[in-house]
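**Q** Pasting a structure below so you can have a look.
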Amino acid sequence: MALEDYLSDAKRCCRCSYCKWIPLAQVKSWRFAKGCPSIAYKNFHSYSAGGRLAVVLSLSEGRSSYTDGLLDVVYQCQMDGSCDVACKICRYHMEPLEAMRELRFKLVEEGQLLPQHIPVIDNLRKEDNMVMKPKAERGKWSEDLDIKDLTTESAEVVFHGGCQLGFDEELGKVARTAVTLLKNAGVDIGIIRGKEENCCGGKAYDMGYRGEFIKYAENNIEAWTRAGVKTVVTSCSDGYFTFKRLYPDIGSKFEVLHTVEFIDRLIKEGRIKFNKTIPMTVTYHDPCHLGRLGEQYIPWQGEEKKIRGQIVVYEPSKPRNNGAGGIYEPPREVLRSIPGLELVEMERIREYAWCCGAGGGVREAYPDFSYWTARERIEEAKSTGAEALVSACPWCERNFIDAVNGNGDKMKVYDVIELVQQAI
Amino acid sequence: MAISREAYQALEDIVGPENISEEPAILDSYAFQWLAEFRQHGSKFMPRAGAVVLPGSTEEVQAVVKICIRYKLKCKAHSTGWGLYGAPITENAIQLDMRRMDRILKIDEHNMFAVIEPYVIGATLQAEAMKVGLNTHMIGAGASCSPLAAATSFQGAGPDSIFMGSGPENLLAAEWVMPTGEILRTGSLGSGLGWFSGDGLGPSLRGIFKGILGACGGLGVFTKVAVKLYPWPGPTVMPIEGTVPAYTAQLPENIRAHTLAWSTWEGYADAVYKIYNNDIGYIAHRQFIMFGDELQAAVLKILTDTTRTLNDLEELLKKPEIQKLSEEMRRSFQIVLVGMTPRDIEYQEKVLNQILAETGGWKIAAMEEPTMAGWSLLYMIKLCFKNLNYVYAGGFHDAMARAGTPDLVTSGWMEEMREQKRKFGKQGGIVNDGGDAGMGGVGTAGGGGYNAFENFILYDPGDAASVEAARACNVDAGHIAVEAGAGGYNFFFMEKEQVQALLAGRARPAIFQWQQKIKEAFDPNGVGDGSYLCLDE
Amino acid sequence: MGEKKEELIKIVGDNNVLDDPETLDSYSSDYSFVPSRKPWFVVKARNADEVQRIVEWANRTVTPLVPVSSGPPHFRGDTVPSEGGAVIVDLSEMKRIITIDGKNRMTIVEPGVTYSQLQPELAKEGLRLSMPLLPRRNKSVAASLIEREPTLIPKYRWLSADPLRCLEIVWGNGDKMMTGEAGNFASIEAAWKRYFALLNPRGPAQVDYYRLVQAAQGTMGIVTWTALRCEKLPKVQKLFLVPAKRLDELLDFAYRLLRFRFGDEFLFLNSFNLACILGEVADVIKALRDELPRWVLILSLSGRDILPEEKVEFLEKDIADIAQQFGLRLISSVPGASSGRVLEAILNPSKEPYWKLGYKGGCQDIFFLTTLNRTPEFVRTMYSVAEAQGYPASDIGIYIQPVHQGASCHCEFSLPYDRSGQVEVTKMQGLFTEASEQLLKEGAFFSRPYGFWADMAYNKDTQTTMVLKKVKDIFDPNHVMNAGKLCF
Ligand SMILES: Cc1cc2nc3c(=O)[nH]c(=O)nc-3n(C[C@H](O)[C@H](O)[C@@H](O)COP(=O)(O)OP(=O)(O)OC[C@H]3O[C@@H](n4cnc5c(N)ncnc54)[C@H](O)[C@@H]3O)c2cc1C
Ligand code: SF4
Ligand code: SF4
C-alpha cells in the first residue's frame, strides 16, 4: 500500500473525534475517558488520527509541505492504535492507524527523517538493537542459562528475548524465567543465543523504516527455519505483534505465541502448578501490541467496490482488525489462577487500554511525552487501589518503572511471569 | 496569507507558544471539515485560519478577543469542532479550539445541574452524572459533542428531549465573552449568586445569542455554562458487555427499550400524541431508520454481530426475515422507558401497551430479543455510536429536514421526501437506502408535542461524483425546507451574495435586519466571522 | 395636548381615550411603594394594529407608554408611570381567545384574557393551564407568564417561562413581530398550515426574542398575543398535604420527588399563607394559622389520560413509601385544612378580595429566586429582620415554589399591613426595604426587579445593566416603553 491508497480514508474521515476517546460506550468517568495520548498531550487537532488524515490530504493536495512542525505532528504519536479501535466501531472502511504508518513510511522514503530517530536507527543498523547498546551486550541475560542454542541446535520452539529484555538488566530476569518455566514444563525450547539474536524490526517499522524491518524479518525467519522451529514464543509484546501480524507478509508461517498464552495453556494442562500464595492486589495493563494490535493475521488482497450506489465494501470481503481478537484473557487467567492474588481492573482495559508511552518511537524521541503517558497510566492504576501494576511487555514495564521512579511512587511494576515464578 | 507578526506575538504572549500554531498542516487539520465539500469548490477544507489558538481560561479568551479587535482579525471558537460551522468562514481568522477548557466544575446533585466548560463532552458529563443518579441530555449528534456548544451555539435537540428537553431548554447561567471582549455572566451568575438561573435581571439576555439556531460561533465565545441534569435511576456505571464493536448494555428491569411500529402514519401520529399526553418515555426517537428503510434491519444485524461487515449486506438483504423486519420498521421508532420505581415502570409499560392497542401498533418482536434490546439501550442511552451516520461511505448530510406537530407524518411529506430521495438513490450517486432515512420524529422539545425529521443523504465524500449527486439532492431538498420554514444551516455552503439572496427571500426577511442591529451593537468591531446572519440594509 | 388626544382618538376611537381624573387616578398608583404619578391619558387598545399605531405615534411624539393588561389592584409598581406625560396602553379589552387547539394542547390568547376567563374554555377541550398561586380574577394570563411568575407545577416547566411559547410583540420602535416558530411565517394560519402549532418558542433564526420580553415590565414592547402550552385536564386528581414543623424537614423528601418528577402541583406554604388562602377575614385567618401545621408541602397527583386511577394509585403508594423514608407522612387532612379545600382553592383564581388583602387590607411581597436548599436561611433572615423591626413573625406568609423542574425556586414572603394608617405604612416601608436589602446581601436573586429592587439588583450586576441598555436601544431606540423601569 502507498499513502495515496489512504486518500479516500482521509476524505471519508467525518471528523467525529471518536479517535480521541476510548470507545464512548466504555466511558466510565471524566478522568479516564481519553484514549489517544497524542491529542491529550499536544491538544491541537492534528495530533489525533483524524487530524493526521487531514494532514495526509493537505499534503497530497499540496496545501502544506514538509516542515519540522509537520514531522512533530506525525511523530508525536504512539502508534498504539487506540484511535483505530474507536474509529472502527462504527466505521467499516477506515484504517487510520495504517494511514498514519504509511505517512511515516513516506516521510522516511523521502528523506524526511525525525532527527531524534536518526541515532537510534543508526545504532540499529550497526548493533542490531533499538536500545542504543553495543551488540555484544545482548546475550547477558542468557549467559548462564542451560538452554538449547538454536544457532547450532534445533528445537520446536524458539524463545525470542528481544531488545528490551535482552539488554535491560532489571528486566532480563523476565526472559530467563520465561524460558526456564517453559523448559521445565517439558517444552522443546531454545534461543538464538548471545549477540546472534536480532531485533524483530517492529519498532523500526513503527517509526517508518520499512526497509530495516524487512531486513530483520528476513534474517529472523531464516534463522528460525534453519533451526527447524515451528513456534515462536516471546515475552515482548512488540515482538509478538511483529511476528504475528507483520512477518506473515514476508512469508513467515510460524505459530506465534506470547509467553502468557503459553503459560496459560500449561497451567490449564496442569503442567505448571502453584504452591505459594501471593497476597496482593494487582491491576493488569494490556500492552497495545498484545491486546488490540495482537490479533490474528488474515491475509487479504482485494479491492474496494460499491453496492447500493455508494456503500463501500471489498472484493473479497476484507478482514477487520478492530481489536476484537486481541490477547486479553490469557494474562488475566494466569493472574487469576495465582493463589491469593486479587486482580482489579482499571477503567481503560482490553481493546481500549491506555498506552504505556513507549510506542511508535516516542520513548526515543519525546521522553517528556513518553513519561507523561506512563504517568497517566500509573494514576489510573493507583485509582483502583492496586499495589502493583502488572503487564506483559518489557517496553511497557520499563516505561512504567521509570515513571514510578521519577515520581517516587510506591506502585510496584511486574511482568506476569515474575508473579508466576513467585507463586511456584 | 499569514497574520501579522505583531498580532501573532500578542496572541502567543497570552496563551504561550505551545498553545498557538500557524503551521500550515495544523491549520489544515482545522480547516478540514465534515460537509465542507458541499461548498462551492468541493474541497474538504474550509477557509484556512490565520492561527489556531488553544485558550486555557476565560481570561485568556477575553484577551484573545481583545487582540483580535486590536488587529482587526476575525475570531471563531469551536468546542469539539464537529461540523463545518465550527470553522471560520473567512480566511485568516483566528480559530479558537476550546479543548483545554474541559472541566466539569460542579455537579449540584440536589438542584440537578452541572457547571461545565466547552470541552466537556456528553459522554464524560453523563458518566459523572450517573455516579450520583443523574443523567444529561445529549444532542442527537451524540456523546462526543459538547453540551455547552449545543446549549449555547448550535441547535440542541436529541432523542431524549422528550424527557430531558433540548440543550437551550436546559441552559441555566452562562459565561459569555462577547465580541467586544467584555464578559457577560447571565442570570444569577451575573449577581455573583451561582448558576441556578439563566434569566434576569429582568429580561433574559441569553435570548440574544441563541434562537432556533445559535450564533454558530459568530458572536463571541462561551466559556462556562450550567446545564440542567435529569434523573437516572439506573446503575452508577453503565454495565457494558459484548465484544467490540457489538457492545451491549444489560440494564435492570426498570429500564427497557422497545421498537414500536404501525402500519399507517395515522396510527404512528396518534401514538405520538398519546405519549405526549401521558408523560411516558425517557428517550423516544425514530433512530435506526437512519440506515434507510430498506437497509435498516440488515445493518442492525451486522452491527450486533462481531463476525459481520458491510460485505454481508447484500446476502442479508435477500433473507426473508430481514426483509420482513425492515418492512415492519418502516413506520417505527425506538422508545426507552425508565421507571423511577418498580411501580412506575409497570405503569408506563401498561400505558404503552394500551397506546399500542388503541393505535394499532405493536412492539417489534425481533427488537425485543436480548442482544438487540441491549444494543438499542446502549445506543439510545449513551448515544455512543453516532458516527454510524457515516457508516456506508463516510458521507452524511441531514438535509431534508422538517419540523412540526406529531401529525406532520400524516401530511404526505414522509412519502414525498422518501420518493424524492429515492429518485437520487436509484441513480446511484447517493446510497440507495430505500429513500426514507428520516430520523427524528417523536419529541424534540421538552415534554414532546413537537418533532423534527432529518432525511439523511448518504454519500461518498471520497468520490467527486457522489458529492455532486449529494449536493444536487440537497439543493432539491433545500427548496422544500425553506418553504417549510426550516432552512437549516445550508447557508454555510454559500457565498455571501447567495446568503443575502436566501435571507431576502424568506417570508420574514426583517428577522435578519434585527440580527444586523444586534450584530452592530454587540460586535461593533466585526470580530465575528459572519455566521451570525445579517441582511444588509 | 388636544392635538395628541385627537391623534389617539383617530387610532382607538373616542370611547377608548380616557383622561377623566378618576381614571387617571386609578392608574397613578398601586399597592407598592413606588411614587404615584398621573398618566396623561389612558388608551384602550382593541387589537394589534391599534397597538402598533399607538407605538408608532409614541415614537413620533416621544411619548412614554405604559402597557397594562391586568385589572387592579396592582402590586409591583410596574404599571405606575415613572415619567410625566405618559400614556397608559390598557390591553384588558383585548380578550380574545384566538384559538384552543385541543390536539396539540395549545391556546393563543390576547393579553386581556384572564385565568377566570380561560380555564373554563380550556376545560371544554379537556385542557387547562398550570396557574400561578391564586391569581386575582382579573389577572392577565399573558402578563403573568411574560413576567415569569411561577406556576404551581414545576415538572411542566422545561423552560423557565413555561407554559409561555410563541408570542406577537410590537417592539418599542413600532415593528411588529411573531416570535418562535411563528416568526418564520407571514401569519399564524400559514404556520398552522405547515404543521406548526406555535409550540416551539425559539427563534426565529438566531435570537430567542421571547426571552428579551420576559420580565421586562413592558420596557421592550407590547405583546399582543401569547401562545401557551396547556396540560391535559386531569381525570383524577388527589391532593396530599405533608406537614412539618420546620421547612428543613421537608426538603430532602421534596428533592427526591422533584428528581423523580412525581407530583403535579408542588408547593410549600407556611401556616399563615395557607390560612389566608382558606380563611376570608382576619379572625378566621388567625385561628386557622394557629391550628395549621407550621409548614405544609402541598402535592397533587393527577391521572390525565390513560389509566388515570392507576397512575394516582401508584404514585400515592410510591410517594408514601418515600415519605416514610424521610420520617414524613402523606395525609389528606391536617388540623385546619382538608386536601379537598386546598385543592379547590389552588385550582382557582383568588376569591374577592384578593387573598393577600383579606387579613389587613394591604400587603407587600418580597420574592426572589434561589435554590430550595437555601430557602430555610432566607426564612430565618426574614424572621430576624421582622423581629428587629417589631413585625410579628406569625403574620408573615411564606410561599416556596420550585420552578424550572426544580433547578431553582421562587421564594416569596408576604407581609400584610394596614394601608390606612401612615405609621404602619412607614413601618412597612422600613421593613420592606430592610428585608429586601438583607435578603439580597445574603444571596437572594431578584430576577424580576420591581420598584426599588431594580436599583438594588442592577447595582450588583453592572455588566448585565450595560448589556440590557444595548438591547433596549435596539428594540426601543426612543425609549418610549415604560421609561424609568428596570435599569432604563
Ligand atoms: C452526525 C451529526 C448529527 C447531528 N445531530 C444533531 C442533533 O440531533 N441535534 C443537534 O442539535 N445537532 C445535531 N448536529 C449538529 C451538532 O449540534 C453540532 O455538530 C455541534 O453542536 C456539536 O457539538 P460540538 O461540540 O461538536 O460543537 P462545535 O462543532 O464545536 O460547535 C458547533 C457550533 O457552535 C460554535 N461553538 C462551539 N463552541 C463554542 C463556544 N465555546 N463559544 C462560541 N461558539 C461555540 C461553533 O463555532 C459551531 O458553529 C449533528 C451533527 C452531526 C455531525
Ligand atoms: S479518524 Fe475516524 S474516529 Fe477519527 S475523526 Fe476520522 S472518522 Fe472519526
Ligand atoms: S496511535 Fe495512539 S497516539 Fe497515535 S493517534 Fe492513535 S491513539 Fe493517538
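**Q** Of C:232/C:311; B:363/C:235; B:517/C:470; C:176/C:472, which pairs sit farther than 20 Å apart, going by alpha carbon to alpha carbon? Don't skip to the answer; put the middle values down first.
**A** Details: C:232/C:311 14 Å; B:363/C:235 28 Å; B:517/C:470 10 Å; C:176/C:472 16 Å.
Too far apart for the 20 Å limit: B:363/C:235.
**Q** Project the alpha carbons of the stretch C:330-420 onto their principal axes and report the range along each, largest first, in whole Å.
**A** That gives 38, 36, 25 Å along the principal axes, largest extent first.
**Q** Per residue of the stretch B:162-170, in order, report the coupling 6.51 cos²θ - 1.76 cosθ + 1.60 (Karplus, θ = phi - 60°) as ³J(HN,Hα) in whole Hz, putting x for Gly and Pro.
**A** Each residue's phi maps through the Karplus curve to give 4, 9, 10, x, 9, x, x, 5, 8 Hz.
**Q** To check my understanding: the extent here is largest minus smallest coordinate of the Cα atoms along each principal axis. What are those three numbers for the stretch C:14-167, in Å, largest first?
**A** For the stretch C:14-167, the Cα extents along the three principal axes come out at 45, 33, 25 Å.
**Q** Give me the distance in nm between label points sitting 7 Å out from Cα along the Cα-to-Cβ direction at residue C:393 and residue C:96, one decimal.
**A** 5.4 nm
**Q** Now for a separate question. Would you grab the residues whose amide H sits under 5 Å from the one on residue C:364? Only those 5+ places off in sequence or on another chain, please, with H modelled 1.01 Å from N.
**A** Correct list: C:415, C:417.
**Q** Antiparallel versus total DSSP beta bridges in the protein assembly as shown: what percent is that, nearest 5? Write out the running numbers ahead of the final one.
**A** Details: 112 of 152 bridges.
Bridges in the protein assembly as shown that DSSP calls antiparallel: roughly 75 percent.
**Q** Can I ask one more? Divide, for the stretch C:160-215, the radius of gyration over alpha carbons by 2.2 N^0.38 Å, where N is the residue count. Intermediate results must be reported in sequence, preceding the final value.
**A** Numbers: Rg = 10.8 Å, N = 56, 2.2 N^0.38 = 10.2 Å.
So the stretch C:160-215 has a normalised radius of gyration of 1.07.
**Q** Provide C:420, A:252, A:46 in ascending order of the number of other Cβ atoms located within 10 Å of each residue's Cβ, fewest first.
**A** Working: C:420 10, A:252 20, A:46 31.
Fewest-to-most Cβ neighbours within 10 Å comes out as C:420, A:252, A:46.
**Q** Go through B:301/C:317; B:72/C:485; C:5/C:356; A:230/A:306; A:11/B:426 and tell me which ones have a Cα-Cα distance over 32 Å in this structure.
**A** Listed pairs above 32 Å: B:301/C:317; B:72/C:485; C:5/C:356; A:230/A:306.
**Q** Return the FRET efficiency for the residue pair residue B:40, residue A:303: r is the Cβ-Cβ distance, R0 is 41 Å, and the value is rounded to the nearest 0.05. Don't skip to the end; give the middle numbers.
**A** Values: r = 32 Å, r/R0 = 0.78.
Once rounded, the FRET efficiency stands at 0.80.
**Q** While we're here: Can you give me the relative contact order of chain B as a percent, contacts being Cα pairs under 8 Å and 6 or more apart? Don't skip to the answer; put the middle values down first.
**A** Numbers: 1195 pairs, mean separation 84.3, N = 537.
With pairs under 8 Å counted, the relative contact order is 16 percent.
**Q** Under a crude label model (7 Å from the Cα following the beta-carbon direction), how far is residue A:152 from residue B:71 in nanometres?
**A** It is 7.1 nm.
**Q** Then there's this: How high is the relative contact order of chain A, in percent, counting Cα pairs under 8 Å that sit 6 or more residues apart?
**A** On the way: 795 pairs, mean separation 70.6, N = 424.
The normalised contact order for chain A reaches 17 percent.
**Q** Dipole size in debye (nearest 20) for the protein assembly as shown around its Cα centre, Lys and Arg Cβ +1, Asp and Glu Cβ -1?
**A** Values: 162 positive and 184 negative charges, 209 e Å.
Value, rounded to 20: 1000 debye.
**Q** Right, something else. Could I have the simple spin-label model distance between residue A:275 and residue C:333, label points 7 Å from Cα toward Cβ, reported in nm to one decimal?
**A** Each label point is offset 7 Å from its Cα along the Cβ direction, giving 8.3 nm.
**Q** May I ask you to sort C:6, C:316, C:149 by Cβ crowding, counting other Cβ atoms within 10 Å and putting the fewest first? Could the numbers behind the result be given before it?
**A** Working: C:6 10, C:316 17, C:149 20.
Arranged by neighbour count, lowest to highest, C:6, C:316, C:149 become C:6, C:316, C:149.
**Q** Would you please report the Å³ per residue occupied by the convex hull of the alpha carbon atoms in the stretch B:104-231? The partial results should precede the final answer.
**A** Working: hull volume 12.3 nm³, N = 128.
Spread over its residues, the Cα hull of the stretch B:104-231 gives 96 Å³ apiece.
**Q** Rounded, prolate or oblate: which fits chain C, taking a ≥ b ≥ c as square roots of the Cα gyration tensor eigenvalues, rounded meaning a/c under 1.5, else prolate when a/b beats b/c?
**A** On the way: a/c = 1.81, a/b = 1.29, b/c = 1.40.
Here chain C falls in the oblate category.
**Q** Which percent of Cα-Cα pairs in chain A sits in each 20 Å bin, short to long?
**A** For chain A, the pair-distance distribution reads 27, 59, 14, 0.
**Q** Bin width 10 Å, alpha-carbon pairs only: give the P(r) of the stretch C:97-232 as whole percents, running from 0 to the bin holding the largest distance.
**A** 13, 47, 34, 6
**Q** Next up: Angle, helix C:248-260 long axis vs. longest principal axis of chain C, Cα atoms, 0 to 90°, nearest 10?
**A** 70 degrees
**Q** Continuing with the same structure: Any chance you could list P(r) for the stretch A:195-310, counting all Cα-Cα pairs in 10 angstrom bins from zero, rounded to whole %?
**A** Cα pair-distance distribution for the stretch A:195-310, in percent: 12, 34, 28, 17, 7, 2, 0.
**Q** Starting from the alpha-carbon convex hull of the stretch A:85-199, give the projected area averaged over all orientations, in nm². Could you put the intermediate results ahead of the total?
**A** On the way: hull surface 42.6 nm².
Hull-based average projected area comes out at 10.6 nm².
**Q** Related question: Hey, what number do you get for chain A at 222 nm if only DSSP H runs of n ≥ 4 count, each worth -39500 (n - 2.57), divided across all residues, to the nearest 500? Please report the intermediate quantities before stating the final value.
**A** Details: 18 runs with 172 residues, N = 424.
Computed mean residue ellipticity for chain A: -11500 deg cm²/dmol.
**Q** Mind listing the lone cysteines of chain B, meaning no other Cys beta-carbon sits under 4.7 Å from theirs?
**A** Isolated Cys, chain B: B:145, B:216, B:384, B:473, B:534.
**Q** Still on this structure, I have one more. For the stretch A:277-317 and the stretch C:265-290, what is the separation of their Cα centres, given in Å?
**A** 71 Å
**Q** Further question on the same structure: Roughly what angle does helix A:210-226 make with the longest principal axis of chain A, taking Cα atoms, 0 to 90 degrees, to the nearest 10?
**A** Orientation of helix A:210-226: about 30 degrees from the principal axis.
**Q** Just check the stretch B:5-97 against the gyration tensor rule for me: Cα atoms, a ≥ b ≥ c as the square roots of the eigenvalues, rounded for a/c under 1.5, and otherwise prolate or oblate depending on whether a/b exceeds b/c.
**A** Because a/c hits 1.5 or more and a/b exceeds b/c, the stretch B:5-97 counts as prolate.
**Q** Please arrange C:291, B:109 by how many other C-beta atoms lie within 10 Å of their C-beta, fewest to most. Working shown, then result.
**A** Numbers: C:291 13, B:109 16.
The fewest-first ordering by Cβ neighbours comes to C:291, B:109.
**Q** Using alpha carbons only, what's the Rg to Rh ratio of chain B with Rh from Kirkwood?
**A** On the way: Rg = 23.1 Å, Rh = 24.0 Å.
Radius of gyration over Kirkwood radius for chain B works out to 0.96.
**Q** Go ahead and run the numbers for FRET between residue C:36 and residue C:287, Cβ-Cβ distance against an R0 of 35 Å, rounding to 0.05. Write out the running numbers ahead of the final one.
**A** On the way: r = 36 Å, r/R0 = 1.03.
So, using R0 = 35 Å, E works out to roughly 0.45.
**Q** May I ask what percent, to the nearest 5, of DSSP beta bridges between residues of the stretch B:19-157 are antiparallel? Don't skip to the end; give the middle numbers.
**A** Working: 7 of 14 bridges.
About 50 percent, rounded to the nearest 5.
**Q** Can I ask one more? Over the stretch C:236-441, with a single point scatterer placed on each C-alpha, what log10 of the ratio I(q)/I(0) does the Debye formula yield at q = 0.15, 0.18 1/Å?
**A** Summing over Cα pairs of the stretch C:236-441 leads to -0.95, -1.30.
**Q** Mind grabbing the base-10 log of I(q)/I(0) for the stretch A:1-126 at q = 0.13 Å⁻¹? Debye formula, identical points on the C-alpha positions, no solvent, two decimal places.
**A** Values returned for q = 0.13 Å⁻¹ are -0.53.
**Q** Here is a follow-up. Please give the charge dipole size of chain C, origin at the Cα centre, charges +1 on K and R Cβ atoms and -1 on D and E Cβ atoms. Round to the nearest 20 debye. It would help to have the intermediate numbers written out before the result.
**A** On the way: 59 positive and 61 negative charges, 192 e Å.
Once rounded to the nearest 20, the dipole reads 920 debye.
**Q** Another one. Express the relative contact order of the stretch B:104-231 as a whole percentage, based on alpha carbon pairs under 8 Å and six or more residues apart in sequence. Before the final figure, lay out each step's value.
**A** Details: 284 pairs, mean separation 38.2, N = 128.
Result for the stretch B:104-231 is 30 percent.
**Q** What number, in nm² with one decimal, is the all-direction average of the projected area of the convex hull of the alpha-carbon atoms of the stretch B:102-160?
**A** With the hull built on Cα positions only, its mean projection is 3.7 nm².
**Q** In addition: In terms of the Cα gyration tensor, with a ≥ b ≥ c the square roots of its eigenvalues, is the stretch C:365-477 rounded because a/c is under 1.5, prolate because a/b exceeds b/c, or oblate? Each step should come with its number before you reach the end.
**A** On the way: a/c = 2.26, a/b = 1.42, b/c = 1.59.
Note, shape of the stretch C:365-477 comes out oblate.
**Q** Any chance you could give the angle, 0 to 90 degrees and rounded to 10, that helix B:370-382 forms with the longest Cα principal axis of chain B?
**A** Value to nearest ten degrees: 20.
**Q** Would you please give the FRET efficiency between residue A:5 and residue B:427, computed as 1/(1 + (r/R0)^6) with r the Cβ-Cβ distance and R0 = 30 Å, to the nearest 0.05? Kindly include the intermediate steps, with their values, before the conclusion.
**A** Details: r = 28 Å, r/R0 = 0.93.
So, using R0 = 30 Å, E works out to roughly 0.60.
**Q** If you put +1 on each Lys and Arg Cβ and -1 on each Asp and Glu Cβ, how big is the dipole of the stretch A:116-268 around its Cα centre, in Debye rounded to 20? Numbers along the way, then the final one.
**A** Numbers: 22 positive and 25 negative charges, 42 e Å.
Once rounded to the nearest 20, the dipole reads 200 debye.
**Q** Here's another thing I want to ask about it. For the protein assembly as shown, count the residues as N, evaluate 2.2 N^0.38 Å, and divide the Cα radius of gyration by that value, please. Mind dumping the intermediate values first?
**A** Working: Rg = 34.8 Å, N = 1449, 2.2 N^0.38 = 35.0 Å.
Computed over Cα atoms of the protein assembly as shown, the ratio equals 1.00.
Read-outs throughout are calculated quantities, based only on the coordinates presented, and are distinct from any laboratory measurement. Keep in mind it's a predicted model, so treat the numbers as computed, not measured. Neighbour counts are summed over all protein chains in view; Cβ atoms, including those assigned to glycine, are modelled from backbone coordinates with ideal geometry.
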